[in-house]
Amino acid sequence: MTRKYRITLLPGDGIGPEILAVTVDILKVVGKQLDIDFQFQEALIGGVAIDETGKPLPEATLKMCRDSDAVLLAAIGGYKWDNLPREQRPETGLLAIRAGLNLFANLRPATIIPQLIGASSLKPEIVAGVDIMVVRELTGGIYFGKPKGIFETETKEKRGVNTMAYTESEVDRIAKVAFETAQKRGGKLCSVDKANVLDVSQLWRDRVTLMGEKYSDVELSHLYVDNAAMQLVRAPKQFDTIVTGNLFGDILSDAAAMLTGSIGMLPSASLGLEKPGLFEPVHGSAPDIAGEDKANPLAQVLSAAMMLRYGLNEPKAAARLEKAVFEALAQGYRTGDIMSDGMKAVGCKAMGEVLLRILES
Ligand code: NAD
């Protein structure tokens with residue numbers, strides 16, 4: 001039976017429209033092959049939304065996103081809007097959409113693509129085969145806890161304060177996403193905290209352990225964050241899925257991403273309790289190469305694969321996209337950002353055509 005999904009496309013700024021156009025063509029082909037009817041609708045976000053409506057996230061965009069099954073975002077921002085006040089900046093639109101869709105879980109994979117192994121700063125034998133998913137809590141913890149601010153003490157000295165706090169329900173909901181993610185992957189989950197020092201981490205550990213009783217098919221372990229950082233660069237292959245709070249996740253997801261050495265290849269997903277999730281590349285709008293057909297569309301294509309796997313539960317379609325990307329690289333096709341000696345240089349559109357040819361062969 002045909003499955004129907006309404007997908008909101010947010011091309012945004014810079015290279016956004018170029019990489020999203022390539023991705024949509026690929027989704028259409030995979031949809032036809034697997035009897036999936038994607039209904040695409042487009043909306044404004046970022047600088048282009050500021051130009052047309054005065055706001056980086058117009059209400060109509062948020063409404064359209066809320067009424068859809070998934071949101072596929074490209075990138076926002078550019079020189080033109082860099083000097084606007086913060087509430088009118090394109091980046092504010094990004095924070096607003098995450099908040100507006102209640103996206104509390106951020107998933108960032110760090111997968112070594114064999115053809116790009118030389119791009120990692122670590123030795124090939126350490127990183128070969130690395131396939132990690134970092135599940136980061138996105139809307140709580142020290143970035144949002146109160147009290148926060150810079151206050152004056154009785155002795156007129158300034159004191160900066162932030163509060164790391166998590167409630168049981170906040171931990172439970174991110175733990176649930178993480179266990180379900182681990183189930184779809186290698187079945188191993190490592191929870192990272194600082195329970196030897198922080199009370200908030202002790203609560204985190206207790207709740208994750210309790211939740212683990214419901215997921216007997218997932219092997220749960222715990223690490224302190226300092227040890228986790230060390231293990232990530234010492235022996236990253238030991239990890240499958242990692243779950244952690246906002247601050248630790250911010251740091252560890254960047255460290256894990258750099259194991260792959262190529263940030264231009266990395267997708268991400270932000271999920272809430274219900275649909276829609278938001279799927280976007282980790283990189284920005286690359287205004288320096290916008291409109292020149294030089295952009296690498298692969299992080300966007302891999303973001304669409306995450307949408308299929310984690311947002312729409314269509315793992316077969318996701319695997320087709322991922323396989324096409326690996327095959328294109330195996331055949332030696334490279335955009336400028338990942339180019340190396342002996343490879344075949346292609347632009348954004350041509351890379352899209354290569355992917356289509358592989359999918360249709
Ligand atoms: P960037 O990721 O846009 O670019 C960094 C460098 O990587 C540039 O040289 C760029 O050409 C290159 N690059 C990035 N993606 C590429 C791709 N797909 N193909 C080929 N080359 C690629 O980061 P930046 O320069 O710091 O920021 C540019 C703009 O993007 C800013 O306005 C920033 O605020 C915004 N930004 C948006 C997001 C987002 O939309 N999620 C994320 C980061 C930055």
Going residue by residue through the range 248-256, is there one that turns out to be within 16 Å of the ligand (Cβ to nearest atom) and modelled with pLDDT of 95 or more?
no
Look through the range 314-324, keep the residues that are surrounded by 15 or more Cβ atoms within 10 Å (Cβ to Cβ) and free of Cβ contacts under 8 Å to residues at least 60 places away in the same chain, and return whichever of them is farthest from Pro114 (Cα to Cα).
Ala318
3 or more residues over 17 Å from Lys237 (Cα atoms): qualifying strands (runs of 3 or more DSSP E) within the range 65-144
70-75, 105-111
Unmet requirement for Lys184, which otherwise passes all of (1) modelled with pLDDT of 95 or more; (2) surrounded by 14 or more Cβ atoms within 10 Å (Cβ to Cβ):
(1)
What number of residues within the range 339-361 are within 16 Å of the ligand (Cβ to nearest atom), in contact (Cβ under 8 Å) with a residue 60 or more places away in the chain and over 15 Å from Gln300 (Cα atoms)?
1
Per the filter on the range 336-355, residues modelled with pLDDT of 95 or more and surrounded by 17 or more Cβ atoms within 10 Å (Cβ to Cβ) are Val346, Gly347, Cys348, Met351, Gly352, Val354, Leu355
Report the residue count in the range 277-302 for those that are more than 8 Å from the ligand (Cβ to nearest atom) and farther than 21 Å from Gln183 by Cβ.
6
Pairs where the first residue, in the range 178-194, is on the phi > 0 side of the Ramachandran plot and the second is crowded, with 24+ Cβ neighbours inside 10 Å and not charged (D, E, K, R), C-beta under 9 Å, 6+ apart
Gly187/Thr241
Which of the residues spanning the range 239-258 are closer than 15 Å to Ile112 by Cα and part of a loop (DSSP other than H, G, I, E, B)?
Phe239, Asp240
Pick out the one residue from Leu107, Leu73, Leu57, Leu84 that is surrounded by fewer than 16 Cβ atoms within 10 Å (Cβ to Cβ), of a type in the set (A, V, I, L, M) and within 15 Å of the ligand (Cβ to nearest atom).
Leu84
Please verify whether the range 10-26 includes one or more residues that are farther than 24 Å from Val282 by Cβ and surrounded by fewer than 21 Cβ atoms within 10 Å (Cβ to Cβ).
no
Considering residues of the range 200-229 that are part of a helix (DSSP H, G or I), of a type outside the set (Gly, Ala, Ser) and touching a strand residue (DSSP E or B) at 6+ places or on another chain (Cβ under 6 Å) only, the residue surrounded by the most Cβ atoms within 10 Å (Cβ to Cβ):
Trp204
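The values are calculated or read from the model by the stated rules, or taken from the named source; none is laboratory data. Everything numeric in this text was worked out from a predicted model, so none of it was measured. Every residue, glycine as well, gets a Cβ built from its backbone with ideal geometry; the counts of neighbours run over all protein chains shown.
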